[in-house]
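Since the structure comes first, as structure tokens, the remarks are kept for the end.
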Amino acid sequence: MEQYPNVFIFDHPLIKHKVSILRDKRTGMKEFRELIEEITTIMTYESMRDVELVPVEVETPLEVTTQYRVPEESVAIVPILRAGLGMVNGVHKVFPTARVGHIGMYRDERTLEPQEYYCKLPDGIGDKTVFLVDPMLATGGSACDALSALKKRGARKIKFMAIIAAPAGIRAVAEAHPDVPVYISTVDRELNENGYILPGLGDAGDRLFGTK
């Protein structure tokens, strides 16, 4: 994916370790949910290297000094429902005051095309750094539509994060939204005829919430 300057693939040994457990069909719901959260936290640290800071005066026990902080309420998390909900706490560990919006997308099982059914965003979305999160980036349809929905509603600074991605999905998002940084922990081989990622990890939503 070197041809896309807005795509960042992580090569972190801790992420590789956790993804290997995440994939295992024997990994239970509780551990699966914890792993999604832990991987997201690592990705959040890495994806915020360019965060804007503001100077603040801090009084230490010895003197007053100028330090730097992320501005209050400058971060928003927007999960793509429903699997994206599993990544919210991972970002919240880094930015506990981040506001949370939601975008509901579902994939038509016949056409594989995404359909939006819900969108609720925090006020002032245009002034925030928005993390759009979804564990799986398969065809890229839902992510592309969710990014368009955010832009239509005024979001200007968006970062997209996915844990497992297929090359086709990365290509779709990178080309449709070249202004959006795309952060991926692991690139898998391909999509099967049903649009599922191989080797993948199955249905992330089902494994997160114990549904079939």
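Does the stretch 43-59 include one or more residues that are within 23 Å of Phe8 (Cβ to Cβ) and of a type in the set (Gly, Ala, Ser)? Yes, the stretch 43-59 has at least one match.
Somewhere in the stretch 181-204, is a residue closer than 21 Å to Tyr118 by Cα, buried (at least 16 other Cβ atoms within 10 Å of the Cβ) and not charged (D, E, K, R)? There is at least one residue in the stretch 181-204 that is closer than 21 Å to Tyr118 by Cα, buried (at least 16 other Cβ atoms within 10 Å of the Cβ) and not charged (D, E, K, R). Within the stretch 194-212, residues that are under 19 Å from Pro167 (Cβ atoms) sit with their Cβ atoms under 6 Å from residues that are at pLDDT below 90, at 6+ positions apart or across chains, in these pairs: Gly195/Leu112. Taking the conditions exactly as written (in contact with a Ser or Thr (Cβ under 6 Å, 6 or more places away or on another chain) and within 23 Å of Pro199 (Cβ to Cβ)), does Phe10 satisfy them or not? Yes: the conditions hold for Phe10. Which condition number does Glu73 fail, the rest of (1) surrounded by 14 or more Cβ atoms within 10 Å (Cβ to Cβ); (2) more than 16 Å from the chain's Cα centre (by Cα); (3) on the phi < 0 side of the Ramachandran plot being met? Result: Glu73 passes all but (3).
Restricting to the stretch 45-72, name every residue that is among the polar types (S, T, N, Q) and assigned to a strand (DSSP E or B).
Listed by number, the residues that qualify are Thr65, Thr66, Gln67.
Of all residues in the stretch 181-202, exactly one satisfies the criterion of being hydroxyl-bearing (Ser, Thr, Tyr) and outside any strand (DSSP E or B), namely Tyr196. Being at negative phi, touching a strand residue (DSSP E or B) at 6+ places or on another chain (Cβ under 9 Å), surrounded by 21 or more Cβ atoms within 10 Å (Cβ to Cβ) and β-branched (Val, Ile, Thr), is that true of even one residue in the stretch 120-128? No.
Going by the conditions given, is Thr65 within 27 Å of Asp127 (Cβ to Cβ) and touching a strand residue (DSSP E or B) at 6+ places or on another chain (Cβ under 8 Å)? So Thr65 fails the test.
Which pairs turn up if I take residues in the stretch 1-21 that are within 12 Å of Ile184 (Cβ to Cβ) and look for partners that are assigned to a loop (DSSP other than H, G, I, E, B) and β-branched (Val, Ile, Thr) with beta carbon separation below 7 Å, at least 6 apart in sequence or on another chain? Within 7 Å, the pairs are Asn6/Val180.
Anything in the stretch 33-73 that is hydroxyl-bearing (Ser, Thr, Tyr) and either under 15 Å from Pro181 (Cβ atoms) or touching an Asp or Glu at 6+ places or on another chain (Cβ under 7 Å) (or both)? List them, or say none. Selection gives Thr44, Tyr45, Ser47, Thr66. Mind listing just one residue for me: the one in the stretch 143-175 that is touching a strand residue (DSSP E or B) at 6+ places or on another chain (Cβ under 6 Å) and of a type in the set (D, E, K, R) and, of those, surrounded by the most Cβ atoms within 10 Å (Cβ to Cβ)? Only one residue fits best here, namely Lys159. Restricting attention to the stretch 1-8, does a residue exist that is more than 22 Å from Asp179 (Cβ to Cβ) and assigned to a strand (DSSP E or B)? Within the stretch 1-8, none of the residues are more than 22 Å from Asp179 (Cβ to Cβ) and assigned to a strand (DSSP E or B). I'd like the full set of residues that are within 15 Å of Tyr45 (Cα to Cα) and either free of Cβ contacts under 8 Å to residues at least 12 places away in the same chain or within 13 Å of the chain's Cα centre (by Cα) (or both), limited to the stretch 77-116. Result: Ile77, Met87, Val88, Asn89, Gly90, Val91, His92, Pro96.
Of Val64, Val54, which residue is among the aliphatic types (A, V, I, L, M), loosely packed, with under 12 Cβ neighbours inside 10 Å and modelled with pLDDT under 95? Only one candidate qualifies: Val54.
The values are calculated or read from the model by the stated rules, or taken from the named source; none is laboratory data. None of the values given here were measured: they were computed from a predicted structure. Quick reminder, even Gly has a Cβ in these numbers, built from the backbone with ideal geometry, and neighbours come from all protein chains shown.
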